[in-house]
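Q: After the structure tokens below, expect a handful of questions from me.
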Amino acid sequence: MSIFRRDARAPGRVTVQEAAARTGHDAATERADAVLLDVREPDEWQAGHAPGAVHLPLSDLSAGAGLPAAAHARPLLVICRSGNRSRRAAALLAARGADAADVIGGMRDWAAAGLPVVDARGGNGTVA
């Protein structure tokens, strides 16, 4: 049974702290077992994203794009700026059979919690 979903139609929800722990962004975590999937648009991603996150804009996912190779066969923690798009993306992924959960509060809460944000060049990023 998945820790993310109650059934195949409804994705779960996790806090940014839970997402950080599951994706290896928490200093106390020894091993990441989930992928942070960022569904924001390219300009938002380039301005700032979590290190190691996988990028797939919701617009592409909605148009039928498949998951990037790094996200195959792994639990997905879906994040956007504030949580609206990630909820939609997690529901879409769950309907397709993926083990997906929405990250409550998105990158705004991620950054506010002091978790790392990098730009497209690996420098300090901002949440756009």
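The values are calculated or read from the model by the stated rules, or taken from the named source; none is laboratory data. Predicted model, so just to flag it, every value in this text is computed and none were measured. Quick reminder, even Gly has a Cβ in these numbers, built from the backbone with ideal geometry, and neighbours come from all protein chains shown. Heads up: the accessible areas ignore ligands, DNA and RNA and are worked out on the full protein's heavy atoms, side chains in. Shrake-Rupley method; radii C 1.70, N 1.55, O 1.52, S 1.80 Å.
Q: Residue by residue through the stretch 16-58, note down the ones that are polar (S, T, N, Q) and under 13 Å from the mean Cα position of the chain (by Cα).
A: Gln17, Thr23
Q: Applying the selection to the stretch 25-70, what residues are out of contact with any helix residue (DSSP H, G or I) (no Cβ under 7 Å at 6 or more places or on another chain), loosely packed, with under 15 Cβ neighbours inside 10 Å and charged (D, E, K, R)?
A: Glu30, Arg31, Asp43, Asp60
Q: Then there's this: Need at least 2 residues that are modelled with pLDDT of 95 or more, of a type in the set (D, E, K, R) and at negative phi per element, so show me which helices (runs of 4 or more DSSP H) inside the stretch 58-128 make the cut, counting only ones lying wholly within it.
A: Once the helices (runs of 4 or more DSSP H) in the stretch 58-128 are filtered for at least 2 residues that are modelled with pLDDT of 95 or more, of a type in the set (D, E, K, R) and at negative phi, what remains is 84-95, 106-112.
Q: Would you confirm whether any residue within the stretch 78-101 is among the acidic types (Asp, Glu) and surrounded by 15 or more Cβ atoms within 10 Å (Cβ to Cβ)?
A: Within the stretch 78-101, one or more residues are among the acidic types (Asp, Glu) and surrounded by 15 or more Cβ atoms within 10 Å (Cβ to Cβ).
Q: Let me ask something additional. Would you mention how many residues in the stretch 102-111 are touching a residue at least 40 places away in the same chain (Cβ under 8 Å) and open to solvent by 10 Å² or more (accessible area, probe 1.4 Å)?
A: So the answer is 4.
Rundown of residues vs (1) in contact with a Lys or Arg (Cβ under 7 Å, 6 or more places away or on another chain); (2) within 15 Å of Thr15 (Cα to Cα), yes/no style:
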{"site": "Asp26", "(1), (2)": "no, yes"}
{"site": "Leu37", "(1), (2)": "no, yes"}
{"site": "His55", "(1), (2)": "no, no"}
{"site": "Ala63", "(1), (2)": "no, no"}
{"site": "Arg81", "(1), (2)": "yes, yes"}
{"site": "Ala94", "(1), (2)": "yes, no"}
